[in-house]
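**Q** Here it is: the structure, laid out below.
The values are calculated or read from the model by the stated rules, or taken from the named source; none is laboratory data. The structure presented is a predicted model; accordingly, all values stated were derived computationally and were not measured. Here the Cβ is made from the backbone with ideal geometry for all residues, glycine too, and neighbour counts use every protein chain on show. Areas reflect the complete protein model, heavy atoms only, side chains present, ligands, DNA and RNA absent. Shrake-Rupley method; radii C 1.70, N 1.55, O 1.52, S 1.80 Å.
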Amino acid sequence: MIARRILSIAALMLAAQGAQAATCQLAVEANDMMQFNTKKLEVDAACPEVRLTLKHVGSSPANVMGHNWVLVRTADLGAVANAALRAGREHQYQPPADGRVLAVTPTVGGGESTTITFETAALRSGETYSFFCSTPGHNAIMRGTLIVNGTPARLAADARQ
Ligand code: ZN
């Protein structure tokens, strides 16, 4: 376990150097116009974890124009969006303990940002995932795809053993 962690840290340090290295950090901006600044994100499957920062660059408070970032399999998007609506405002429009949610950030208002870390072990290389904002009415516009490229960290680790 410790050895794996050291390997992970080494991988992250390598990733920080050089343009060819894995992209293990993602930054997404959301605004008062109900938009993300990107429709497409890419993750290198060699990343054991991805660190994602969601920044609300607008000025509207969270109860007016709050945004979050939810990652799901594309086929689950509609069902998870509906579950988020049923979860309601008290749960920040996030379905509690929903296994279909692969990653989710807290909801942020204007001027706020939040950073989460999620493991890539549940993601498959070559598969296309979808991200969206689960605030009611937002996902029609606030959605995009996340693609996983390369060899999964798990498989790479197995190959080294
Ligand atoms: Zn939103």
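**Q** Condition first: modelled with pLDDT of 95 or more, in contact with a strand residue (DSSP E or B) (Cβ under 7 Å, 6 or more places away or on another chain) and not hydrophobic (A, V, I, L, M, F, W, C). Now tell me which residues in region 41-61 satisfy that.
**A** Within region 41-61, ARG51, THR53, LYS55, HIS56 meet the criteria.
**Q** Across region 46-69, which residue is nearest to the ligand (Cβ to nearest atom) among those that are in contact with a helix residue (DSSP H, G or I) (Cβ under 7 Å, 6 or more places away or on another chain) and open to solvent by less than 30 Å² (accessible area, probe 1.4 Å)?
**A** Once the filter is applied, the top-ranked residue is GLY58.
**Q** Still on this structure, I have one more. Determine whether VAL80 is more than 13 Å from the ligand (Cβ to nearest atom), among the aliphatic types (A, V, I, L, M), closer than 14 Å to ILE147 by Cα and at pLDDT 95 or above.
**A** No, not satisfied.
**Q** Let me ask something else. Would you mind finding the one in GLY99, GLY126, GLY111, GLY144 that is away from the ligand (no atom under 14 Å from the Cβ) and either within 25 Å of ARG86 (Cα to Cα) or surrounded by 14 or more Cβ atoms within 10 Å (Cβ to Cβ) (or both)?
**A** None of the other options fit; the residue is GLY99.
**Q** With open to solvent by 40 Å² or more (accessible area, probe 1.4 Å) and touching a strand residue (DSSP E or B) at 6+ places or on another chain (Cβ under 9 Å) as the only criterion, which of THR117, THR105 stands out?
**A** Answer to the selection: THR117.
**Q** Any residue at all in region 32-44 that is crowded, with 23+ Cβ neighbours inside 10 Å, within 16 Å of the ligand (Cβ to nearest atom) and not aliphatic (A, V, I, L, M)?
**A** Looking for residues that are crowded, with 23+ Cβ neighbours inside 10 Å, within 16 Å of the ligand (Cβ to nearest atom) and not aliphatic (A, V, I, L, M), one finds none in region 32-44, hence no.
**Q** Take ALA79 and decide whether it is of a type in the set (Gly, Ala, Ser), open to solvent by 20 Å² or more (accessible area, probe 1.4 Å) and farther than 16 Å from HIS138 by Cβ.
**A** yes
**Q** Which residues, counting only those in region 12-26, are at pLDDT 95 or above and open to solvent by 80 Å² or more (accessible area, probe 1.4 Å)?
**A** GLN25
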